[in-house]
Amino acid sequence: MPYVEHLIATGVIADPTPLTRPLRRGDLVRALRAADTVRVSAVTRRTVRLVLTALADRRPAPFYRIEGAVRIAAARTRSAIRSSWTAAFPRAGRCDADSRARGSICT
């Protein structure tokens, strides 16, 4: 960026966006390509070429998109929880006349 600001300040290239900083890459590349480098020194021409090469040589970076879903095995439906509970505790949750007579807590 200091090279670009120096080129703009010395009048080698026109300021692509005078009221906007940071400069956009596309605007800067257009201004560097439109620069008249015939009337400037060899060092300045080389600077313009180097900056233009650095900015124009950008290939889009590869990107990857990963999609997926994560589900928790413990998140079951109410009926699945009830069936697994009754499989582990066969008498739990059942109230019959005998259970009430014995004073069991029925759920």
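The values are calculated or read from the model by the stated rules, or taken from the named source; none is laboratory data. Source: prediction; values computed, not measured. Note that each Cβ is placed from the backbone with ideal geometry, even for glycine, and that neighbours are counted across all protein chains shown.
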Filtering the stretch 11-55 down to residues that are in contact with a helix residue (DSSP H, G or I) (Cβ under 8 Å, 6 or more places away or on another chain) and of a type in the set (Ser, Thr, Tyr) yields Thr17, Thr37, Thr44, Thr47
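Can you report the number of residues in the stretch 18-42 which are assigned to a loop (DSSP other than H, G, I, E, B) and surrounded by 14 or more Cβ atoms within 10 Å (Cβ to Cβ)?
Step one: of the stretch 18-42, the residues assigned to a loop (DSSP other than H, G, I, E, B) are 18-24, 34-41.
Those left that are additionally surrounded by 14 or more Cβ atoms within 10 Å (Cβ to Cβ): 23, 35, 37, 40.
Selection size over the stretch 18-42: 4.
Considering each of Ala31, Ala54, Ala69, Ala80 in turn, give the residue that is within 31 Å of the chain's Cα centre (by Cα) and at pLDDT below 85.
On the way: Ala31 fails: at pLDDT below 85; Ala54 fails: at pLDDT below 85; Ala80 fails: within 31 Å of the chain's Cα centre (by Cα).
Among Ala31, Ala54, Ala69, Ala80, only Ala69 is within 31 Å of the chain's Cα centre (by Cα) and at pLDDT below 85.
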